[in-house]
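Encoded as structure tokens, the structure appears first; notes follow it.
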Amino acid sequence: METTENYVYKKEVDWSLLTDGIAIPFENQVIFGRNMGKFLSRGESREIKLFLDGKIYTAKVNNLNFALKFNRTKDTLQIRYSPNGDLANALKNIFAKSYQFLVEKRICRDPKDRSMIKLPEDFKEYLAIYTTEYEDTYLLETIVSDDMYELQKIVNNKPEYFMEANFNYDVIDSGASIFESPRVLKIRKLNRKIGDNLKLLYEYRCQICGGKIGEEYGACVAEAHHIDYFVRSLNNDAQNQLIVCPNHHCIIHDVNPVFDKKRKLYMYPNGFLEGLKINVHL
């Protein structure tokens, strides 16, 4: 179900995010694409507002047409802001640990080296973008390394299926108290919003069997599953999630098949192979 605060994108912190902007793959961001499609045509740009920690910042969103330059059939939406502007400086301050690491790496590397500098696992931080009730205003939430560290302590040794039930549904029991920490609540929210976005993308159909459970009852029952189990990887990227029906979700957690990411299929312990009938995001 869509609300006013829907998932747009999760961006891992890098030098570009801290200095000039964020590129958003148009085809995977269902709700953002719908919003932008209302008023932003290919090749056009528009000013937007970004709400971060109680302050409003202005930026510009561009619908880039790479068809001629890179022979791409899909557009890319790009949010741009000034390298020394208020928003960039606010992000550098919030992500100070990442910023300092990137600055030091850039100083030490060969001047001819233009490759992207990746943050090590224990440094990784993220920016999450959500819609608001205003079509030109978006909410930014930050996830810093300390948030991830606290999450790791909480989910350690927890059953994966229990964690995913909390991500997919409003589970009310004693275990739900593990999400009461403000740091963890925003990661749970992001995890669930990414899954909800994918459910919209697949129209609540199971990627494995293609089934749409509950349709005859006027209901839509689909669940987000983490390919690399979340309790181990802490990876809630869309590329680590599948949309599956409850039956396939239970089977996967019961027998723990191996997912072949190259062939896009599950290899079950008894030798059975089962591929994806629907896939547009992996």
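The values are calculated or read from the model by the stated rules, or taken from the named source; none is laboratory data. Just so you know, these numbers come straight off a predicted model, no measurement behind them. Because the Cβ atoms are built from the backbone with ideal geometry, glycine has one as well, and the counts that use them run over all protein chains shown.
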**Request:** Determine whether the stretch 185-198 contains at least one residue that is among the polar types (S, T, N, Q) and out of contact with any Phe, Trp or Tyr (no Cβ under 8 Å at 6 or more places or on another chain).
**Result:** no
**Prompt:** For the stretch 124-173, what are the residues that are free of Cβ contacts under 8 Å to residues at least 40 places away in the same chain and in a helix (DSSP H, G or I)?
**Reply:** Asp146, Tyr149, Glu150, Lys153, Ile154, Phe162, Ala165, Asn166
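What about Leu198, is it out of contact with any His (no Cβ under 6 Å at 6 or more places or on another chain), touching a residue at least 24 places away in the same chain (Cβ under 8 Å), under 30 Å from Phe123 (Cα atoms) and not aromatic (Phe, Trp, Tyr)?
Judged against the criteria, Leu198 is a match.
Which of the residues belonging to the stretch 102-118 are touching a helix residue (DSSP H, G or I) at 6+ places or on another chain (Cβ under 6 Å) and over 11 Å from Leu18 (Cα atoms)?
Filtering the stretch 102-118 for residues touching a helix residue (DSSP H, G or I) at 6+ places or on another chain (Cβ under 6 Å) gives 102, 117.
Passing the criteria: only Ile117.
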**Asked** Which members of the stretch 89-112 meet the condition of being over 17 Å from Phe123 (Cβ atoms) and surrounded by 10 or more Cβ atoms within 10 Å (Cβ to Cβ)?
**Response** Asn89, Ala90
**Complete:** All-but-one check, Glu203 against (1) assigned to a loop (DSSP other than H, G, I, E, B); (2) within 26 Å of Glu121 (Cα to Cα), failing number (2)
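Each row is one residue, and each column tells you yes or no for (1) touching a strand residue (DSSP E or B) at 6+ places or on another chain (Cβ under 8 Å); (2) within 27 Å of Tyr9 (Cα to Cα); (3) modelled with pLDDT under 95.
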residue	(1), (2), (3)
Gly175	no, no, yes
Ile178	no, yes, yes
Lys186	yes, yes, yes
Leu273	yes, no, no
**Item:** Residue check, Lys60 more than 30 Å from Ala222 (Cα to Cα), within 22 Å of the chain's Cα centre (by Cα) and at pLDDT 95 or above
**Value:** no
